[in-house]
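Structure first, then comments.
The values are calculated or read from the model by the stated rules, or taken from the named source; none is laboratory data. From a predicted model like this one, the values you see are computed outputs, not experimental measurements. Don't worry about glycine lacking a Cβ; one is built from the backbone with ideal geometry, like all the others, and counts go over all protein chains shown.
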Amino acid sequence: MQRKPVVSLLFFFLIAFLPLSVLAQEDMHLKEIAPGVEGEQGVKEEIKEYIDHHLLDSHDFSLFSYTKDNGEHVYVGFPLPVILWDDGLKVFSSSKLHHGEAVAEAGGNYYKSYHNKIYRTNAEGDINLDDHHHPTNVKPLDFSITKNVFTILIVGLLMLWMFSSMAKSYKKGALPKGMGRFLEPIVLYIRDDIAIPNIGKKHYKRYMSFLLTIFFFIWIINLLGLTPLGVNVTNNIAVTFALALLTFLITNFTANKSYWGHIFWMPGVPKLMRIVLAPIELLGIFIKPFSLLIRLYANITAGHIVLMSIIGLMFIFKNWIGSSLSFGLAFALALLELLVAALQAYIFTMLSALYFGQAVEEHDDH
Amino acid sequence: MTIPNIVGAGLIVIGAGLGIGRIGGQAMEAIARQPEASGKIQTAMLIAAALIEGIGFAALFAA
């Protein structure tokens, strides 16, 4: 039986990542949660805290952490640079912050991380909270290479390597070698099934580079989110906002006369309706990329929360029936998340292509 | 989470579920009628489902 190349590629990722991710994530949880067990309520709180922590960006890349018998927290991972703009550039390593447990001193100012956000404090590191438990300390502008930024850079380099090696292999012959064999069917799929039907034969080439980049970027970064690295980039709304902003800018800056005509002066409808339609259409320009950013963000966040909650159930049940049940559920859900990772990348690319297509469509028939 | 929030979230899920279920069902029917157009139908189905899902998520965040 001949299998489609895309399918076999998916199988490859499935086999390569799945056991690793499920098992290692559980291992990570065990180390994180098991030492602090104090009754059921304590475990629930700890699981909640762990999930919240996972959803946030952090200033260091920690793979897992555990508590020693003497109560000392041990973090396994590596620090990342903290770059602050606070009356001048302040650069120091995030190891100085000790995961929010210590005060870092840089250039005469003291900084402390509180819920993964850096605040300026006094030498003792006091965080003043207002009535709503929000810190009132000064928040310097934070340009740090955080975990998310670091992951984005790594994925960028990975993609550069993947695609330049693919491009190089085409110089030797029509058949790609190595990485290109995996990528060629996907690239062709995006061109033939996403770009050309939506944008049209005449204009699609202009948008191909963006569509390919955005597809592979979202896909790879979603898949990385399922590995034990614990990176979680696409559930940061700022990242999805930036991605949607690119689609928004490209759509509006490459749009032709007929696109704007359809927004401000819809042809083929009565004059009065045109006036009513114009503000709605204008709002639509912003709603389209907004729905893109919310969709990606919400899907990935929801997936991660559900997956981690189900894994967390193990520590609440604490018997073999409940644990094996939640293991099975987590396994099935991880499979679903693999599909979602690819599907969200596909949807984002597809809808971007659709919007580009609307921007360059020519209406000769009206 | 208060009770109105929970009820609202439930209503949203019911609505989005009905919508996506209908899309899926109709797409199945369409594929059964015209198996040669299954590729196009699937694409259209995914787009429509994604749009409903987007609205559902936006409402869930508001709830």
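Quick notes on this one:
- Considering B:59, B:49, the condition of being closer than 25 Å to residue A:289 by Cβ, touching a residue at least 12 places away in the same chain (Cβ under 8 Å) and more than 10 Å from chain A (Cβ to nearest Cβ) is satisfied by B:59 alone.
- Selection status of residue A:302, farther than 30 Å from residue A:254 by Cβ, in contact with a Ser or Thr (Cβ under 7 Å, 6 or more places away or on another chain) and not basic (Lys, Arg): no
- 2 or more residues modelled with pLDDT of 90 or more and surrounded by fewer than 20 Cβ atoms within 10 Å (Cβ to Cβ): qualifying helices (runs of 4 or more DSSP H) within the range A:149-233: A:179-189, A:204-225
- Checking residue A:333 against (1) more than 20 Å from the chain's Cα centre (by Cα); (2) away from chain B (no Cβ under 14 Å), the condition it does not meet: (1)
- Selection count where residues are of a type in the set (Lys, Arg), more than 11 Å from chain B (Cβ to nearest Cβ) and closer than 18 Å to residue A:246 by Cα, scope the range A:277-325: 0
- Only a single item in (1) at pLDDT below 90; (2) away from chain B (no Cβ under 14 Å); (3) within 16 Å of residue A:226 (Cβ to Cβ) is not met by residue A:343, and it is number (2).
- Filter result for the condition that a residue is part of a helix (DSSP H, G or I), within 12 Å of another protein chain (Cβ to nearest Cβ) and surrounded by fewer than 16 Cβ atoms within 10 Å (Cβ to Cβ), over B:39, B:25: B:39
- Within the range A:163-200, considering residues that are more than 14 Å from residue A:212 (Cβ to Cβ) and among the small types (Gly, Ala, Ser), the one nearest to the other protein chains (Cβ to nearest Cβ): A:200
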